[in-house]
Amino acid sequence: MNVQRSKKGAWLATVLALAIFAAVGCGSESGKQAEGDETELTVLLDWYPNAVHTFLYAAEEQGYFKDAGLKIKLQTPADTNDALKLVAAGKADLALSYQMQVAISRAEDIPIVSIGAIVRHPLNQLLVLGSPDIHSPKDLVGKKIGYPSIPLDEAIVNTMVKSDGGDPSKVTQVDVGWDLIPAMSTKKVDAIIGGYVNHEKLLLEKEGEKLIAFDPSEYGVPDYYELVLTASEDGLKNNGAAIKKFMEAAAKGQAYTASHPDEALQLLLDGQSDEFPLDADIEKKSLAILLPMMDAGKEPFGIQTEQSWRSIIDWLKEKRQLSKDVNPSDAFRNL
């Protein structure tokens, strides 16, 4: 995520595409031994550092990674596809990505495995400009919905409207690229999909917009894991012990974040880059939204179920988003 994807997305991809090869290195080996007895792991974020990554910075600053014998390098790739392909190619050890993207990648024979559900519910929700006439997705019939050039987002909207009793063919979907926020603030569209409730929604509300958010999981789309941590099949085979230690240390980082949210968030803010400045108020509100969505209750942090993977794979197949079938049990592993 970026401070305003809609304005920075185009140039950011170019900058980061160059940076990732400098940072990771075209010929580097993942999981290498750092100085002393530490194992070095390169972890690719899904976007530049923001509130959802607080648990990683907390684990680093509290010494949980060091205690586990790990030296962690956090990097930012140009996009999710780059991250997954770099991990699959052994150029990085772990990557934060998305459950649906992992399933799509598996269907394309990219040997990626999810090893933890980080955000357990959809952040990508249908954001609608407040109106007395709109109470649920079916009320968007005759309205315009902006989406970011991603067919998957179109499928989510169609499912939501149909599940709610509306006719998706009577909804106009407008490809606005990543100009999601301007499309809403200028009233070019009545709603957007592809914006997150912990980011775009907060930014629009800060601009004074009154918004309604419709959760896809309440309208026909399976309740999926928005953000997952991934590794490669070979990485798990050759470096599974270190990856398991990483997950355990990350869980401690999340526990610290949940019990000390302000202190943990400050660690992230203190380390922010001048190139990608954070809005402290937005990130604080974002973390408050994220923490309950990252909570696995009495189960271990990151736990995944085969039922979740089966339901999202079946939905993707139904919507013709998979090039071939995917075995749910191959797509994830609980360490």
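The values are calculated or read from the model by the stated rules, or taken from the named source; none is laboratory data. Worth saying up front: this structure is predicted, and the values here are computed from it rather than measured. Reconstructed Cβ throughout: ideal geometry from the backbone, glycine too, with neighbour counts over all protein chains shown. Surface areas here come from the heavy atoms of the whole protein model, side chains and all, with no ligands, DNA or RNA. Shrake-Rupley method; radii C 1.70, N 1.55, O 1.52, S 1.80 Å.
Below, the figures for the structure above:
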read-out	value
Selection within the stretch 38-66 - open to solvent by 10 Å² or more (accessible area, probe 1.4 Å), touching a helix residue (DSSP H, G or I) at 6+ places or on another chain (Cβ under 7 Å) and either part of a helix (DSSP H, G or I) or at pLDDT below 95 (or both)	Pro49, Tyr57, Glu61, Tyr64
Pairs with Cβ under 9 Å, 6+ apart, first in the stretch 239-259 and farther than 15 Å from Lys73 by Cβ, second of a type in the set (S, T, N, Q) and at pLDDT 95 or above	Ala241/Thr39; Lys245/Thr39; Lys252/Gln62; Gly253/Thr54; Gly253/Gln62; Gln254/Thr54; Tyr256/Gln62; Thr257/Thr54
Count - residues of the stretch 93-109 that are in contact with a strand residue (DSSP E or B) (Cβ under 7 Å, 6 or more places away or on another chain) and assigned to a helix (DSSP H, G or I)	4
Residues being surrounded by fewer than 21 Cβ atoms within 10 Å (Cβ to Cβ) and within 15 Å of the chain's Cα centre (by Cα) - total across the stretch 198-226	1
Any hit, the stretch 251-272, residues being of a type in the set (S, T, N, Q), open to solvent by less than 30 Å² (accessible area, probe 1.4 Å), out of contact with any Phe, Trp or Tyr (no Cβ under 6 Å at 6 or more places or on another chain) and part of a helix (DSSP H, G or I)	no
Members of the stretch 142-158 that are more than 16 Å from Leu129 (Cβ to Cβ), of a type outside the set (A, V, I, L, M) and open to solvent by 30 Å² or more (accessible area, probe 1.4 Å)	Ser149, Pro151, Glu154, Asn158
Qualifying residues in the stretch 159-197 (those that are surrounded by fewer than 19 Cβ atoms within 10 Å (Cβ to Cβ) and part of a helix (DSSP H, G or I)) - the one nearest to the chain's Cα centre (by Cα)	Pro182
